[in-house]
Amino acid sequence: MLFNLALILFVAWITDRLFRRVNIPGIVGQMIIGLILGPSMLGIIRPAEWISALAEIGVIILMFLAGLETNPEQLSRARGPMLLSALGGVFLPLVAGTWLTLSLGANHYKAIFMGTILTATSVSVTARTLLDIGQLRSTEGTAILGAAVVDDVVGIVILTVVLALAAHSGAAGHGLVLTVLWVFLKIAIFFAVAWFGGRALVRRLARRTQPKHQGLLLSLAVCFLMAVGAEAVGVAAITGAYLAGLILRGARIRALSEEVETVASGVFVPVFFFSIGAMVDVTWSWSLVAVSAAFSVVAVLSKALGSFAGARVGGLTYIQSLRVGVGMVARGEVALITATIGLNAGLLAREDYPMVVAMVLVTTLITPLLLRFLYPDDARTGFASG
């Protein structure tokens with residue numbers, strides 16, 4: 001384990017330096033190296049529980065950092081574009097994914113479920129890229145992060161409805177309505193308790209954190225607890241982590257963002273992006289490649305166009321809306337979690353899983369590259385240019 005971890009971190013360091021020199025995010029190199037060293041190519045490093053554990057911690061800390069870097073006042077000002085981008089980024093992928101799957105001969109339940117997978121948004125890649133180019137606090141960055149939280153909640157509700165319909169053989173009734181209402185209630189209670197109770201508790205504890213390391217310990221504890229709480233009510237852990245960052249930003253714990261950034265970038269985040277490439281372990285065929293390519297194209301275009309349209313209607317400029325649309329494209333671990341739920345529920349066949357993995361890999365790789373292209377050099381503030 002230690003040798004493999006050392007290899008991952010050393011390769012991550014090399015690729016980060018090399019890719020930054022040609023103006024490409026280092027995380028792209030880490031994903032590519034994960035693909036090369038993983039089971040699909042060289043097979044030097046295979047997925048393991050310790051890699052999954054470190055990767056999960058990495059994405060949680062990364063979204064916690066994104067919350068710390070988000071200005072609540074700016075988030076409030078961007079609520080129009082945020083909500084409309086979220087709705088556009090859910091509706092169009094759901095319809096497009098369902099249509100594509102139906103056209104391939106699948107039944108309605110599987111088709112709607114595949115559309116549900118496409119509604120997922122994982123902004124961990126986007127957050128890292130925006131952080132690197134100093135645009136995480138921009139209007140577009142704020143809108144993207146807020147829209148991703150809304151997407152998460154809406155996606156959970158859609159997934160719950162699909163699972164309930166499948167379980168009831170399509171017979172929607174009082175049971176289905178009660179299930180959906182219960183999901184909404186749990187989510188509402190979690191957000192209310194986390195926001196109001198969490199802020200009051202953190203402010204009291206923050207007064208007693210004098211050395212820097214005490215603030216870091218408290219902050220990470222709150223982050224992980226809120227991530228666990230989010231998962232307990234059916235929301236993705238990264239949403240709880242992002243909310244924890246928003247809460248702790250108001251506590252004004254000294255140099256917290258810098259401390260968290262050091263912890264995240266030092267170990268956990270490189271392992272996370274490496275694991276995305278390393279998780280690919282499939283035997284490809286021409287038919288699988290063709291279907292995966294079609295699914296990936298639909299995934300990219302539907303999310304980008306849907307979120308772009310929402311941002312434009314919400315009042316953002318053309319280029320700002322385009323950045324928001326591109327920033328919402330990456331699916332990441334959220335789509336994989338949804339796919340796993342579908343596997344366990346019998347809505348997704350195991351032979352279809354590689355198609356989801358390919359879509360996740362394509363959307364995750366393309367997002368930072370397109371974002372870099374959409375931000376000219378003179379628009380960057382170089383927050384993390386080291």
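The values are calculated or read from the model by the stated rules, or taken from the named source; none is laboratory data. These figures come from a predicted structure and were not determined experimentally. Note that each Cβ is placed from the backbone with ideal geometry, even for glycine, and that neighbours are counted across all protein chains shown. SASA here: full protein model, heavy atoms, side chains in, ligands and nucleic acids out. Shrake-Rupley method; radii C 1.70, N 1.55, O 1.52, S 1.80 Å.
Using a Förster distance of 51 Å, how high is the FRET efficiency between I189 and T262, based on the Cβ-Cβ distance and rounded to 0.05? Can you show the working numbers first?
Working: r = 35 Å, r/R0 = 0.68.
According to the calculation, E is roughly 0.90.
Counting only protein heavy atoms and using a 1.4 Å probe, what share of the accessible area of segment 256-374 belongs to carbon plus sulfur, as a whole percent?
70 percent
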*Please work out how much length the chain gains when fully extended from T317 to L288, using 0.36 nm per residue of separation minus the C-alpha to C-alpha distance, in nm with one decimal.*
6.6 nm
_Dipole magnitude (debye, nearest 20) for segment 272-367, charges at Cβ of Lys, Arg, Asp, Glu_ = 380 debye
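If you wrap a convex hull around the Cα atoms of segment 260-371, how much volume per residue is inside, in Å³?
Spread over its residues, the Cα hull of segment 260-371 gives 140 Å³ apiece.
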*So, in nm, how far is label F10 from label A48 when the simple model puts each one 7 Å beyond its Cα toward the Cβ?*
1.6 nm
